[in-house]
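K.L.:
Can you read through this structure? Questions will come right after.
All of the numbers you see were taken from the coordinates with simple rules; none came from a lab. Values in this document were obtained by computation on a predicted structure and should not be read as measured data. Cβ atoms come from the backbone with ideal geometry, glycine included; neighbour counts cover every protein chain shown.
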Amino acid sequence: GSGLGNFPAIETLGNTEWTLVIPLALVGSLLGMLYFVFKGLVKLAIRPFKNTVVVKAVLAGVILGSVGMFLPYTMFSGEHQLSELMHGWESIGVALLFVNAIVKLLITNVCLEMGWRGGHIFPVIFAGTAIGYVFAMILPIDPIFCVAVVTAALTGAVLRKPLAVILLLLIMFPINAIIPITIGAVIGGVIPIPGFPGLGEKAEAANR
């Protein structure tokens, strides 16, 4: 079966949630911009290995394995860790959740740019979920609402296709999350992709 799991319903949709929906969406959007900055940095870093496919693949494996020894949540796509995350996020703590999310965005680019097969959708969703829980521990806000907005904005910023993001996330999130998901996905989708040396064409980068 799928490792995605299902988030419980949003229990509170009060003034606090709606007041923070835009700031949370901007947080997710900024994370999406960071994803593309990481992409540019990795492209620059691996230029000396441009024509060495095997070397790049081996280096990616060494980097992933080394990081995974200290941050196990950065291993694999994140799909099968989502259920564990949604049930144990409070025990992981703010700092570790934050570090795992940021490193996940970086290591995903490392693996993909160095020739590993796979996609970026599930790693991005995992990172958004982790950061959403970070803010849920900091702010007096419904945790599922927080996760829904941040994840939708981050995924929207990376995929650039808000409708696809909404439909994808509604597989995982409850139906009463549709409005926060929509707000996050739309805001994330309209945030410009940052220009960065080595990033290449923006439109091409967004669709990879």
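K.L.:
Under a cut-off of 16 Å between alpha-carbon atoms, report the lysines in cross-link reach of residue 161, not counting same-chain residues fewer than 8 places apart.
P.N.:
Counting by Cα, and skipping residues close in sequence, residue 161 has these lysines nearby: 202.
K.L.:
Label residue 45 and residue 96 with points 7 Å out from Cα along Cα→Cβ: what is the distance between them in nm?
P.N.:
Taking the two extended label points, one gets 2.4 nm.
K.L.:
Can you work out D for region 74-178 in µm² s⁻¹ from Stokes-Einstein, where Rh is the Kirkwood radius over C-alpha pairs, the temperature is 20 °C and the viscosity is 1.002 mPa s?
P.N.:
Result for D is 155 µm²/s.
K.L.:
At a 10 Å Cβ-Cβ cut-off, how would you order 87, 120, fewest neighbours first?
P.N.:
87, 120
K.L.:
Right, another one. What does the charge count near residue 56 come to, summing +1 for each Lys or Arg and -1 for each Asp or Glu among other residues with Cβ under 9 Å from its Cβ?
P.N.:
Taking every Cβ under 9 Å from that of residue 56, the sum is 0.
K.L.:
Which residue fluctuates most in the GNM of the chain (Cα springs below 10 Å): 194, 72, 140?
P.N.:
Greatest mean-square fluctuation among the candidates belongs to 140.
K.L.:
Is it possible to state the helix-based mean residue ellipticity at 222 nm for the chain, with each DSSP H run of 4+ residues giving -39500 (n - 2.57), the sum divided by total residues, to the nearest 500 deg cm²/dmol? What is it?
P.N.:
Theoretical 222 nm ellipticity from helices: -22500 deg cm²/dmol.
K.L.:
How far apart, in nanometres, would the label points at residue 179 and residue 83 be if each is projected 7 angstrom from Cα along the Cα-to-Cβ direction?
P.N.:
3.2 nm
K.L.:
I've got another one for you. Given a 10 angstrom Cα cut-off, can you work out which residue in 13, 159, 97 is the most mobile in a GNM of the chain?
P.N.:
Greatest mean-square fluctuation among the candidates belongs to 13.
K.L.:
May I pose another question? Summing +1 for each Lys or Arg and -1 for each Asp or Glu, what net charge is found among the other residues whose Cβ lies under 14 Å from the Cβ of residue 47?
P.N.:
Residues near residue 47 contribute +3 overall.
K.L.:
Counting only GluC sites (Glu not before Pro) that are in a DSSP loop and have at most 13 other C-beta atoms within 10 Å, tell me the longest site-free stretch of the chain.
P.N.:
12-200
K.L.:
If you don't mind, another one. Region 19-55 to region 56-112: how many Å between their Cα centroids?
P.N.:
Region 19-55 and region 56-112 have Cα centres separated by 15 Å.
K.L.:
Something else about it: Evaluate E = 1/(1 + (r/R0)^6) for residue 11 and residue 63, where r is the Cβ-Cβ distance and R0 equals 35 Å; express this FRET efficiency to the nearest 0.05.
P.N.:
The computed FRET efficiency comes out at 0.30.
K.L.:
Determine ³J(HN,Hα), in whole Hz, for all residues of region 95-100 in sequence, where each value follows from phi through the Karplus function 6.51 cos²θ - 1.76 cosθ + 1.60 and θ = phi - 60°; x replaces Gly and Pro.
P.N.:
Those phi angles translate into 4, 5, 4, 4, 4, 4 Hz.
K.L.:
What is the order of 133, 73, fewest Cβ neighbours within 10 Å to most?
P.N.:
Going from least to most buried by this count: 73, 133.
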